[in-house]
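Q: Structure in structure tokens, see below.
The values are calculated or read from the model by the stated rules, or taken from the named source; none is laboratory data. None of these values were measured; they are calculated from a predicted model. Heads up, the Cβs are rebuilt from the backbone with ideal geometry, glycines too, and the neighbour counts pull from every protein chain shown.
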Amino acid sequence: MGESRGKPEITGTMRGLLEGVKAYWAMIKSLQTGLLLITGLAGFMSTRRGNFDWGELASLAGSLFLAISGSTVLNMVYDRDIDAKMERTSWRPLPSGKVGVREALMFGLALSALGVGWALLLSPLCGAVVFAGLFFDVMVYTVWLKRRTPWSVVWGGISGGMPILAGRVLGAGVIDLIGSLLALAILLWIPTHIMTFSLKYACDYKRAGVPVFPNVYGERVTRLIIGFSTCAAVIVMTVAMWQIGLGAAYLNMGIVLGAILVGMALFGMLKPTPVLDFVLFKSASVYMLGAMTLMIVGV
């Protein structure tokens, strides 16, 4: 009898714990964080040609995961008011009340401090790059520019390029040409990723008062920028992979993936449809994941 009365309480406690973990996990945007983390690992492994320290690689992964997650949580804390106004984000833990603002702020600051601190222990230069990425993402992109200008996407792109640069810096010991090219490729890739998304949710952004390219410059200009940035990103990424010294088979696979993405972006400029915009949004992530995988297995 006593055991049966205790079960509902235990079950309720476990359910509450799981819901709490789920809410905090949602704040780090695991898919986005995972993709950026993979770019950092690819940047590191591109310097070693199969000969690297697994412990150092694991430490890099840990520091980047914490720093990227921390910046994402801090962004959610600052943007909780506009998230509440947008249909696609109103369910998030902060606007829905599942996590308190103070708890989320402490969580984001702790993750960020641990991530940057760990990176500094690995290498002062690597730590500086990781900190720069966090600063550009939170303070420059989110706090300063996101609500003021659609060109904030440039600084978001610079921030997005910091994980792969940090990985390259940790492996090479310096900021070299290849690391700069890889970071530039990410910067040029970001508009394809973000602007296709803003095309789909232009009304949501307008409701929240966030200026995005489709609402400020129109859909035609937005698609022209997507086409240009996609072409440029693929060219720069291909040059970087060639400079790294990928084998011909891997390099050719990268070229094919890039050609498919460029073809879709150019077709979207000529025959735009919402379906193609969404497919291009997904394909941009697939291309980046594919390029990073080729760099990891092909060195």
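Q: Are any of the residues in the stretch 108-116 touching a residue at least 12 places away in the same chain (Cβ under 8 Å) and in contact with a Phe, Trp or Tyr (Cβ under 6 Å, 6 or more places away or on another chain)?
A: yes
Q: Of the numbered conditions (1) buried (at least 22 other Cβ atoms within 10 Å of the Cβ); (2) within 18 Å of residue 133 (Cβ to Cβ), residue 192 satisfies every one except a single condition; which is it?
A: (2)
Q: Is it true that residue 159 is surrounded by 21 or more Cβ atoms within 10 Å (Cβ to Cβ) and hydroxyl-bearing (Ser, Thr, Tyr)?
A: Taking the combined requirement at face value, the residue satisfies it.
Q: If you go through the stretch 255-276, how many residues are surrounded by 11 or more Cβ atoms within 10 Å (Cβ to Cβ) and outside any helix (DSSP H, G or I)?
A: So the count comes out to 1.
Q: State whether one or more residues within the stretch 117-124 are touching a residue at least 40 places away in the same chain (Cβ under 8 Å), of a type in the set (Phe, Trp, Tyr) and closer than 29 Å to residue 53 by Cα.
A: Checking the stretch 117-124: at least one residue is touching a residue at least 40 places away in the same chain (Cβ under 8 Å), of a type in the set (Phe, Trp, Tyr) and closer than 29 Å to residue 53 by Cα.
Q: Name the residue, out of 180, 152, that is surrounded by fewer than 22 Cβ atoms within 10 Å (Cβ to Cβ), in contact with a Leu (Cβ under 7 Å, 6 or more places away or on another chain), without any contact (Cβ under 8 Å) to a residue 60 or more places away in the chain and not hydrophobic (A, V, I, L, M, F, W, C).
A: On the way: 180 fails: in contact with a Leu (Cβ under 7 Å, 6 or more places away or on another chain).
Step by step, each of 180, 152 is checked, and only 152 is surrounded by fewer than 22 Cβ atoms within 10 Å (Cβ to Cβ), in contact with a Leu (Cβ under 7 Å, 6 or more places away or on another chain), without any contact (Cβ under 8 Å) to a residue 60 or more places away in the chain and not hydrophobic (A, V, I, L, M, F, W, C).
Q: Give me the pairs: first residue in the stretch 268-295 and touching a residue at least 12 places away in the same chain (Cβ under 8 Å), second residue buried (at least 23 other Cβ atoms within 10 Å of the Cβ) and of a type in the set (S, T, N, Q), beta-carbon distance under 6 Å, and six or more apart or on different chains, which are they?
A: 277/196; 280/196; 281/196; 284/192; 292/39; 295/46
Q: So residue 48 ticks every box in (1) at pLDDT 95 or above; (2) within 20 Å of residue 175 (Cβ to Cβ) but one. Which box is left unticked?
A: Of (1) at pLDDT 95 or above; (2) within 20 Å of residue 175 (Cβ to Cβ), only one is false for residue 48: (1).
Q: Ok, one more. Count, please, the residues in the stretch 64-87 that happen to be closer than 22 Å to residue 36 by Cα and not aliphatic (A, V, I, L, M).
A: Qualifying residue count, the stretch 64-87: 8.
Q: Please list, ordered by first then second residue, the pairs with beta carbon atoms under 6 Å, 6 or more apart or interchain, first in the stretch 30-54 and closer than 18 Å to residue 130 by Cβ, second in a helix (DSSP H, G or I) and of a type in the set (S, T, N, Q).
A: 33/69
Q: Please give the helices (runs of 4 or more DSSP H) falling wholly within the stretch 23-97 in which 3 or more residues are under 16 Å from the mean Cα position of the chain (by Cα) and surrounded by 18 or more Cβ atoms within 10 Å (Cβ to Cβ).
A: Values: elements: 30-45, 54-78, 80-85.
Result: 30-45, 54-78.
Q: Touching a Ser or Thr at 6+ places or on another chain (Cβ under 6 Å) and surrounded by fewer than 20 Cβ atoms within 10 Å (Cβ to Cβ): does that describe residue 279?
A: Spelling it out, it is not the case that residue 279 is touching a Ser or Thr at 6+ places or on another chain (Cβ under 6 Å) and surrounded by fewer than 20 Cβ atoms within 10 Å (Cβ to Cβ).
Q: To continue, here is another question. Quick one: would you say residue 130 is farther than 30 Å from residue 19 by Cβ and surrounded by fewer than 21 Cβ atoms within 10 Å (Cβ to Cβ)?
A: no
Q: In the stretch 60-88, what residues are hydroxyl-bearing (Ser, Thr, Tyr) and either farther than 20 Å from residue 31 by Cα or without any contact (Cβ under 8 Å) to a residue 40 or more places away in the chain (or both)?
A: Listed by number, the list holds a single entry, 78.
Q: Going through the stretch 200-211 one residue at a time, which ones are buried (at least 18 other Cβ atoms within 10 Å of the Cβ) and out of contact with any Lys or Arg (no Cβ under 8 Å at 6 or more places or on another chain)?
A: Scanning the stretch 200-211 gives a single hit, 205.
Q: Now for a separate question. Select, from 234, 262, the only residue that is in contact with a Cys (Cβ under 6 Å, 6 or more places away or on another chain) and more than 25 Å from residue 79 (Cβ to Cβ).
A: Being in contact with a Cys (Cβ under 6 Å, 6 or more places away or on another chain) and more than 25 Å from residue 79 (Cβ to Cβ) holds for just one of 234, 262, which is 262.
Q: If you don't mind, another one. Report yes if some residue within the stretch 229-246 is crowded, with 21+ Cβ neighbours inside 10 Å and farther than 19 Å from residue 46 by Cα; otherwise report no.
A: yes
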